[in-house]
Amino acid sequence: MGFGSYSYEAHQAIATKRAALPAQEVFSQRAIHPLMDPKGVKFRECRDSPDHPNSIGIVFALDVSGSMGQIPEQIARKELPTFMKALGNAGVADPQVLFMAFQDCAGGRAPLQVGQFESTAELMDQWLTWCWLMGGGASEFESYDLAFYFAAHHTKMDCVEKRQKKGYLFMSGDEPCYPQLKAAWVEQFVGDKVPADLPLAQVVADVEKTFHAFYLIPDPGRAHVAPFWKNLLGERAIVLASPEDTCSVSAGAVALSEGAVPTLAALGERLGSAGLSADRVKRVVTALTGYATSIGKA
């Protein structure tokens, strides 16, 4: 997937049109959309095309349980155009975005939903708003591991295969994960038969073969879960000051990683010149300080 050209103006028009709509009209799914059911899906593909000769895959894996449902709402109503514009302003060429939505496998109801890699505003928006925002939660854990597993084993990207460059995976959440991914859940919800339960560290190691994986905690009141994720992802486990910073922090992480901006200070200047308020620029820079330091960009 990923054909067609991105238009910020078209995307902004979509976001503006729905700004005042209630959530149930923006996200109207009351069951998993058939096209987002991952069971039996062989691969989601991010491929080069004449429009996008240097494609790079970017996955947003969004927790749709309980209060975390505000993240896809925020992205759909306002932030995704900002994310795409920030990538373009930073010189990141040809991004293709895939949305996943997930919750706890223990609940037994569509714990993973998966879109396609897309480049146009209309198709990105379509997959995002097809997500079923379920709410609730069956345990103190969420099944982040199943989303990682799918990304590791059921995506193919030309950035990896042709250019040996990883894609990016940004996961939102506010809970720890199960210590092991159950083989029974992989078979039930994805359709793969694996010989035994998979330790979480192995699942993370597998996804990091093809993705730079980030874990974003959008509620500073949940910062106590950061050590759990830092143990797995290091400084790519990031606490945000506000959910609305999800896309700006993600775009900044890509820009720093790709060398589109040389330093964190340069990123802050670029965000300010693009129209972000001084307070918001400060929040984004603060959130990214640990990561920028870890890659020598602070």
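None of the figures in this text is laboratory data; all of them are computed from the coordinates on show. Bear in mind the structure is a predicted one, so any value in this text is a computation, not a measurement. FYI the Cβ positions are ideal-geometry reconstructions off the backbone, even for glycines, and counts take in every protein chain you see.
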Just to verify a number: FRET efficiency for L35 and E122, C-beta to C-beta distance, R0 = 22 Å, to 0.05? 0.90
Once the dipole of the stretch 8-260 is set up from charges on Cβ (+1 Lys and Arg, -1 Asp and Glu), the residue from the list A20, T129, M157 lying farthest towards its positive end is M157
What order do you get for D37, D158, D279, D145 when you list them from fewest to most C-beta neighbours inside 10 Å? D279, D37, D158, D145
Greater than 21 Å separation of Cα atoms is the criterion. Which listed pairs, K85/K209; K162/K193; K193/K230; K156/K230; K42/K156, meet it? K85/K209; K162/K193; K193/K230; K156/K230
Please express the shape of the chain as an equivalent ellipsoid: the semi-axes are the square roots of 5 times the eigenvalues of the C-alpha gyration tensor, given largest first in whole angstrom. 26, 21, 20
At R0 = 41 Å, how high is the FRET efficiency between S277 and Q180 if r is their beta carbon distance? Nearest 0.05 is fine. 0.40
7 Å from Cα along Cα→Cβ at both V194 and L21: what's the point-to-point distance in nm? 3.6 nm
Enumerate the calculated ³J(HN,Hα) couplings along the stretch 257-271 in order (Karplus 6.51 cos²θ - 1.76 cosθ + 1.60, θ = phi - 60°), each rounded to whole Hz, writing x wherever the residue is Gly or Pro. 5, 7, x, 5, 10, x, 9, 5, 4, 5, 4, x, 4, 5, 5
If amide hydrogens are placed 1.01 Å from N in the peptide plane, which non-local residues have theirs closer than 5 Å to the one on K156? R44, E45, C46
Just name one of T246, Q113, H33: the one whose Cα is farthest towards the positive end of the charge dipole of the chain (beta-carbon charges, Lys/Arg +1, Asp/Glu -1). T246
Gained length - F43 relative to A265, 0.36 nm times residue gap less alpha-carbon distance: 76.1 nm
Less than 19 Å apart at the alpha-carbon level, and either on another chain or at least 8 residues along: which lysines does that give for K78? K17
Most exposed to least, judged by fewest other Cβ atoms within 10 Å, K39, K85 sort to K39, K85
For the residues L288, L128, what sequence is obtained by ranking on other C-beta atoms within 10 Å, fewest first? L128, L288
Once phi is turned into θ = phi - 60°, what whole-Hz ³J(HN,Hα) does the Karplus curve with 6.51, -1.76 and 1.60 give for every residue of the stretch 124-132, x standing for Gly and Pro? 4, 5, 4, 5, 4, 7, 7, 5, 8
Cα to Cα, under 18 Å, and not fewer than 8 places away if on the same chain: which aspartates and glutamates meet these conditions relative to K182? D104, E140, E142, D145, D192, D197, D206
Dipole size in debye (nearest 20) for the chain around its Cα centre, Lys and Arg Cβ +1, Asp and Glu Cβ -1? 320 debye
What is the P(r) of the stretch 90-237, as percent of Cα-Cα pairs per 10 Å bin from 0? 10, 39, 39, 11, 0
Residue separation between T289 and N231 times 0.36 nm, minus their alpha-carbon distance, gives in nm 19.1 nm
Separation in nanometres of the label points that stand 7 Å from Cα toward Cβ, at E187 and A298: 4.7 nm
How much length, in nm to one decimal, is gained on full extension between H153 and Q202, taken as 0.36 nm per residue of separation minus their Cα-Cα distance? 16.4 nm
Can you tell me the dipole magnitude for the stretch 77-212 around its Cα centre, using point charges on the Cβ only (Lys, Arg +1; Asp, Glu -1), in Debye to the nearest 20? 400 debye
Taking placed amide H atoms and a strict 5 Å upper bound, the residues 5 or more places from L169 or on another chain that come that close are V59, H212, A213, F214
